[in-house]
Amino acid sequence: MIRDEKFVLSRRPYAVDLDSLTTSESANSSSVYATVRAVWFRRRRSHYSTGPMRTVACIGYLREYQPPPRDAQHFLKEMNDGRYGGHCEARWDGETLWAPEATEAQRQEFLAVLEPMLKNYPEVPPGFDGWWHFPR
């Protein structure tokens with residue numbers, strides 16, 4: 001991934017929590033399954049793909065199998081396959097929170113990040129480092 005100071009929505013950027021890197025062993029001893037918490041903005045249609053486009057705020061994580069990274073920045077710089085993007089756990093459009101697998105406590109945690117994030121679009125939310133995007 002590439003880190004940019006400037007937010008450009010068409011690059012599909014992510015802001016990441018650099019303190020959230022986790023790794024777990026994989027079947028292949030030379031690699032680990034690594035994840036890092038991420039937030040991002042996207043444009044979506046409001047209802048049934050006929051409504052107007054609107055900006056939404058998303059929270060989830062980026063993940064990949066790779067050799068053990070030194071830290072979160074190393075993990076991100078080694079990521080270069082953006083075909084699948086981030087794994088979205090929750091999405092806020094300013095009216096509705098989509099978080100199908102979340103508990104009520106998790107929904108409140110998601111909203112605590114996503115509501116101010118959408119209000120302050122396109123600023124990087126506090127506690128996150130941005131903007132990271134996949135090479136094209």
Worksheet item: To the nearest 20 debye, what is the magnitude of the charge dipole of the chain about its Cα centre, counting +1 on the Cβ of each Lys and Arg and -1 on the Cβ of each Asp and Glu?
Response: 700
Fill in: Computed [θ] at 222 nm, deg cm²/dmol, the chain (DSSP H ≥ 4; -39,500 (n - 2.57); rounded to nearest 500)
-5000 deg cm²/dmol
Worksheet item: For the Cα atoms of the chain, what angle does the longest principal axis make with the long axis of helix 104-119, in degrees from 0 to 90, nearest 10?
Response: 70
Discussion item. Which one, L62, Y84, S24, projects farthest toward the positive side of the charge dipole computed for the chain from Cβ point charges (K/R +1, D/E -1)?
Written reply: Y84
Discussion item. What do you get for chymotrypsin sites (Phe, Trp or Tyr not before Pro) in region 18-78 restricted to DSSP loop and a cutoff of at most 16 other Cβ within 10 Å of the site's Cβ?
Written reply: Y48
Worksheet item: K6 versus Q108, label points 7 Å from Cα toward the beta carbon: distance in nm?
Response: 4.2
Worksheet entry | Cα centroid separation - region 20-83 against region 93-136, whole Å | 14
Worksheet item: Name the GluC sites (Glu not before Pro) in region 75-136 that are in a loop by DSSP and that have at most 10 other C-beta atoms within 10 Å, would you?
Response: E95, E101
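None of the figures in this text is laboratory data; all of them are computed from the coordinates on show. Only a predicted model underlies this, so the values are computations on that prediction, with no experimental measurement involved. Every residue, glycine as well, gets a Cβ built from its backbone with ideal geometry; the counts of neighbours run over all protein chains shown.
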